[in-house]
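K.L.:
Handing you this structure, nothing more for now.
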Amino acid sequence: MEWYLQVIKNYANFKGRARRAEYWMFTLFCLFFSLFAVALDNVFEIAMANIGFGPLYILYVLAVFLPALSATVRRLHDVGKSGWTLLILLIPIVGVLWVFLQLIKNGIREENQYGPCPKKDV
């Protein structure tokens with residue numbers, strides 16, 4: 001939960017670097033909260049017909065869009081890539097795979113153009 005709150009606090013910070021743990025823990029909590037919002041939409045019967053989700057899920061997605069984008073950009077900075085490389089996602093299949101590989105690989109241990117290594121134990 002600590003990682004999730006750290007990303008939410010830095011919701012519009014596109015500078016610096018984010019560790020793998022920070023990015024993936026935030027992503028995991030987003031998945032849990034999204035599933036919870038979908039469940040609430042269905043329990044309260046406010047989910048849209050034939051879609052399976054409703055306004056609670058939509059509000060949650062809108063609320064975490066900017067923090068998720070900034071965390072992704074900072075994660076790409078950790079591996080030495082610009083945030084603009086997210087535009088590669090526009091290439092079907094190959095773009096998604098390439099960005100995913102960048103997000104799972106280990107960050108650069110030394111300082112790069114985006115700042116010092118965010119790991120404390122280096």
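K.L.:
Pairs needed: first member in segment 74-95, within 20 Å of THR27 (Cα to Cα) and at pLDDT 95 or above; second member anywhere, assigned to a loop (DSSP other than H, G, I, E, B) and charged (D, E, K, R); C-beta distance under 6 Å; at least 6 residues apart or different chains.
P.N.:
ARG74/ARG17; HIS77/ARG17; ASP78/ARG17; VAL79/LYS105
K.L.:
Among the candidates PHE14, PHE53, which residue alone is touching a residue at least 40 places away in the same chain (Cβ under 8 Å) and either under 21 Å from GLY107 (Cβ atoms) or touching a helix residue (DSSP H, G or I) at 6+ places or on another chain (Cβ under 6 Å) (or both)?
P.N.:
Working: PHE53 fails: touching a residue at least 40 places away in the same chain (Cβ under 8 Å).
Just a single option satisfies the conditions, and that option is PHE14.
K.L.:
Separate question: For residues that are in a helix (DSSP H, G or I) and either touching a residue at least 24 places away in the same chain (Cβ under 8 Å) or over 18 Å from ALA71 (Cα atoms) (or both), tally how many sit in segment 98-122. It would help to see each step written out before you state the result.
P.N.:
Restricting attention to segment 98-122, the residues satisfying the condition of being in a helix (DSSP H, G or I) are 98-104.
Narrowing the set further to residues that are either touching a residue at least 24 places away in the same chain (Cβ under 8 Å) or over 18 Å from ALA71 (Cα atoms) (or both) leaves 102-104.
Adding up the residues that qualify gives 3.
K.L.:
Also, quick follow-up: Of all residues in segment 8-67, which are among the polar types (S, T, N, Q) and either surrounded by fewer than 16 Cβ atoms within 10 Å (Cβ to Cβ) or in a helix (DSSP H, G or I) (or both)?
P.N.:
At the first step, the residues of segment 8-67 found to be among the polar types (S, T, N, Q) are 10, 13, 27, 34, 42, 50.
If the condition is that a residue be among the polar types (S, T, N, Q) and either surrounded by fewer than 16 Cβ atoms within 10 Å (Cβ to Cβ) or in a helix (DSSP H, G or I) (or both), then ASN13, THR27, SER34, ASN42, ASN50 are the ones that fit.
K.L.:
Is there a residue being of a type in the set (A, V, I, L, M) and under 16 Å from the mean Cα position of the chain (by Cα) anywhere in segment 49-60? Lay out the reasoning, then the answer.
P.N.:
Narrowing segment 49-60 to residues of a type in the set (A, V, I, L, M): 49, 51, 56, 58-59.
Restricting the remaining residues to those that are under 16 Å from the mean Cα position of the chain (by Cα) gives none.
No - not one qualifying residue is present in segment 49-60.
The values are calculated or read from the model by the stated rules, or taken from the named source; none is laboratory data. Fair warning: this is a prediction, and the values are worked out from it, not measured in the lab. Glycine gets a Cβ as well: all are built from the backbone with ideal geometry, and neighbour counts include every protein chain shown.
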